[in-house]
Amino acid sequence: MKVYLTSSLLLSLLSSSRKQKIQKLLLEALDSHQRFFTSSLSIYILFQQLGDIEVTKKTQILGFLEDLTDTIFELDTESLRTQILMSETCDLEMAIALKEGMEEVFVDLEREINSLPLLVVRNFFGETK
């Protein structure tokens, strides 16, 4: 199964008090042959949320993400169009996941996110709080 990791999940994986639980859930997913993907947009949002950090730390984080994921997708106009057309139900990260053929998207948010017909949303917040 192809799984998209959002910036909210990546941030929690790096800096949350629940990161050990999230790591365990991701390892279980890897053991069940799920493959992880993310995008340059999600990484950009992650670095924005992390704030002012050293370049060496950013390089370490990027290396970690490259090891964790099979591919880091680029933002493109088709994803932007999808998000605009589906703005009521789909954010830009979900639009990228849909465009790239992901089956599931992992988030870590307090608010509930609805699944789409072609994309299942798994919210780690409820599983790790």
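Bear in mind these aren't lab numbers, they're just calculated from the coordinates by the rules spelled out. Just so we're clear, the structure is a prediction, and the values are computed from it rather than from any experiment. Glycine also receives a Cβ, built like all others from the backbone with ideal geometry; neighbour counts cover every protein chain displayed.
When a footprinting reagent is the concern and you count Cβ atoms within 10 Å, what order do 4, 44 take, fewest first?
Final ranking by Cβ density, sparse to dense: 44, 4.
Sequence neighbours fewer than 8 away in the same chain don't count; with that in mind, list the lysines whose C-alpha is under 19 Å from residue 2.
Residue 2 reaches 24, 99.
Could you tally the net charge around residue 126, taking each other residue with its Cβ under 13 Å from the Cβ of residue 126, Lys/Arg +1 and Asp/Glu -1?
In short, +1.
Starting from the Cα of residue 19, draw a straight line to each of the aspartates and glutamates and keep only those under 13 Å, dropping any in the same chain fewer than 8 residues away.
Excluding near neighbours in sequence, the set is 108, 127.
So which helices of the chain fit the span-like rule, where a helix is a whole DSSP H run, its Cα atoms reach 30 Å or more along the axis, and its mean Kyte-Doolittle is at least 0.0?
Once both thresholds are applied, nothing remains.
In nm, give the distance between the simple-model label positions of residue 53 and residue 127, each being 7 Å from the Cα along the Cα-to-Cβ direction.
The two pseudo-label positions are separated by 2.2 nm.
Quick one, which of [x] 37, 30, 27; [y] 43, 32, 23; [z] 65, 39, 19 is the actual Cα extents along the principal axes in Å calculated for this model?
[x]
Compute the length gained on full extension between residue 91 and residue 62: take 0.36 nm times their separation in residues and subtract their Cα-Cα distance, giving the result in nm to one decimal.
Stretched out fully, the residue 91 to residue 62 stretch lengthens by 8.1 nm.
Could you check what % of the DSSP bridge pairs in segment 18-129 are antiparallel, to the nearest 5?
10
If you rank 52, 108, 31, 76 by fewest surrounding Cβ atoms within 10 Å, what's the result?
52, 31, 76, 108
What number, in percent, do you get for the relative contact order of the chain if the mean sequence gap of Cα pairs under 8 Å and at least 6 apart is divided by its residue count?
This gives 33 percent for the chain.
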